[in-house]
Structure formats: C-alpha cells, structure tokens
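FYI, it's all coordinate maths here, none of it is from the lab. Quick caveat, the model's predicted, so the values are computed rather than measured. For neighbour counting, all protein chains shown are included, and Cβ atoms are generated from backbone atoms with ideal geometry for every residue, glycine included.
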Amino acid sequence: MTRRVDLVADLGEGYGAWRMGDDAALLDVLTSANVACGFHAGDPQIMDATVRACAERGVGIGAHPSFPDLRGFGRRDMGLTASEVRSDVLYQFGALAAIAAARGQRVTHLAPHGRLGNLVAVREDYADAVASAAARVDPSLIVLAQDGKLAEAARAAGLRVGIVGIADRAYEDDGTLVPRSEPGAVIHDAEEIRERTVRMVTDGVIDSRNGVAIPIACDTVLVHGDTDDAIRLARSIRAGLAEAGVEIAPLAGWLE
C-alpha cells in the first residue's frame, strides 16, 4: 500500500504591515496550512488573503489558535484556566471559519500553536478544553497533535487525529520536543532534515538528540515557514518523500 502523508506549515503569521516568510511560495509546496487566527499573529486581512491563496491552490485550511500573546508570538505560558483556553480557541476558530465560509471554503483541521501546542500534549485540562471546543463546533474536524494528551482527548471526543511529525525540531528520548531555549532545538542542516523526515514517514522512527531511536507516528509533516531557507527546505522534503514513493496529499482527503 502506498504511504500517504500531508505537508503542512504555519502561515498568515504577519500582522498589519509586518510580514513573516514567503507564504505564496510555500503554498506552492504544501498540501495543508495552519492559519494564524489573530492571537499570536494574523489579522482579518491577512487571514482572508491566506484563505484565498489556499483555495486557489487546493491547500487544506486549518485553524492555528494560540494563547493571547501577540507580543511573544504565542510562545509564553499565559497561566490561563482551562475554561479560558476553551473560549479562546472557540473565538479564534470562529473568526477563521467565517472568513473561510465567505470564500466558499471550510476549515478542516485545528492545530494549536506555540506554547499552547506544547502544553496540550502534557496537560489533560488544556487538552480536554481544546478537544471539547473542536468537537462542539464541528465533529468532522481533524485535530493535529503530537502523541500525548490532546491526541487522546480528541479521540475520546470522537474526532479524527492527525499525528504531526516536525521536520526541523529535535526530540527528547520520550518523544517530546527539545525546548527552543536549549541549544540544538532547531535543526538547520537541509540534508539531515530531509533524511530524518523520510525515515520518520516511511519507517516510523526518529533519532532523539541523544541518539535514541524512538517510534513516531506521522500523518502530517510540519515545516516551519519562519526559518531561514524555508522554501528550499520544504521543496527538499517534498522531493525526498516523493523519491521514497510517498504520496503527498491534503489530510482531510484521506485520513480515516
């Protein structure tokens, strides 16, 4: 059976006159996009433009909710209650869903950003808050997550789960990500990124930063669009997967 995988990146992460990355070029490589919803980046005009660009290319549209941390780009723990997380996710999803609907599109997945995305993997209360918000607004949504509490909560809520493999981030021995504050957390060598991504998808294995081979499920590969040479890296990853016989397609079209 042909192995399938989705290729996704976080997009629309500018604000006002400020822009991050070359979204247009990256969209020509991707099959899905996590679209910033205003709390860590993105504004109504950027959200609308990103949705339009996704629609023109047949790229899957996903909500990328965050902590309300515009200044810190969603990478700080805001000390919110689970109830606040739930309502914040609903607010952000609703904004993007309305913009998508106006373009004749729909939001097909949800992927928490930054520190929220880290914490839902290990905090049951936050995971339940995000999963319950997603299930209440659209039971057909796919939740993108690493293996952990959010994946468990989403499945318990009857939602489909797409497990995310991150191409350019180092992993700990337990399968969690090395914190960005530590040296080596982000990998920059293009050939290493390509090789480890292909192995992750085809063999279900990735080496931790200590050299321990750890099992990893991977339905979608996340490429960070805000890194140096993001376009070149994305193209290299896609080419490597294609050479390995992997079919690359939007997650919503094939995930059961």
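Within region 200-238, the residues that satisfy the criterion of being buried (at least 19 other Cβ atoms within 10 Å of the Cβ) and out of contact with any helix residue (DSSP H, G or I) (no Cβ under 9 Å at 6 or more places or on another chain) are MET200, LEU222, ARG238.
The helices (runs of 4 or more DSSP H) falling completely within region 3-117 that include 3 or more residues that are of a type in the set (D, E, K, R) map to 44-57, 82-102.
Of all residue pairs spaced 6 or more apart or on separate chains, those with beta-carbon atoms under 9 Å, a first member in region 56-78 that is more than 21 Å from ARG123 (Cα to Cα) and a second member that is aromatic (Phe, Trp, Tyr) and outside any loop (DSSP other than H, G, I, E, B) are LEU70/TYR15. Among residues belonging to region 118-133 that are under 15 Å from the mean Cα position of the chain (by Cα) and assigned to a helix (DSSP H, G or I), point out the one that is nearest to PRO179 (Cα to Cα). The residue in question is ASN118.
Taken over region 216-236, the criterion of being within 16 Å of the chain's Cα centre (by Cα) and assigned to a helix (DSSP H, G or I) is satisfied by ALA230, ALA234.
If you go through region 184-215 one residue at a time, how many are in a strand (DSSP E or B) and either among the acidic types (Asp, Glu) or within 23 Å of VAL161 (Cβ to Cβ) (or both)? Steps first, please.
Taking region 184-215 first, the residues in a strand (DSSP E or B) are 186, 205-207, 213-215.
Okay, now just the ones that are also either among the acidic types (Asp, Glu) or within 23 Å of VAL161 (Cβ to Cβ) (or both), so 205-207, 214-215.
The number of residues fulfilling the criteria is 5.
Checked against the criterion of being surrounded by fewer than 24 Cβ atoms within 10 Å (Cβ to Cβ), out of contact with any helix residue (DSSP H, G or I) (no Cβ under 7 Å at 6 or more places or on another chain) and either more than 21 Å from PRO250 (Cβ to Cβ) or in contact (Cβ under 8 Å) with a residue 24 or more places away in the chain (or both), the candidates ARG123, ARG160, ARG106 yield just one match: ARG160. Taking the conditions (1) farther than 20 Å from ASP219 by Cα; (2) surrounded by 15 or more Cβ atoms within 10 Å (Cβ to Cβ); (3) out of contact with any Leu (no Cβ under 9 Å at 6 or more places or on another chain); (4) of a type in the set (Gly, Ala, Ser) in turn, ALA133 satisfies each one other than (3).
A search for C-beta distances below 6 Å between a residue of region 197-213 that is in contact (Cβ under 8 Å) with a residue 60 or more places away in the chain and any residue that is not charged (D, E, K, R), counting only pairs 6+ apart in sequence or on different chains, returns VAL201/VAL5; VAL201/CYS218; VAL201/VAL246; THR202/ALA244.
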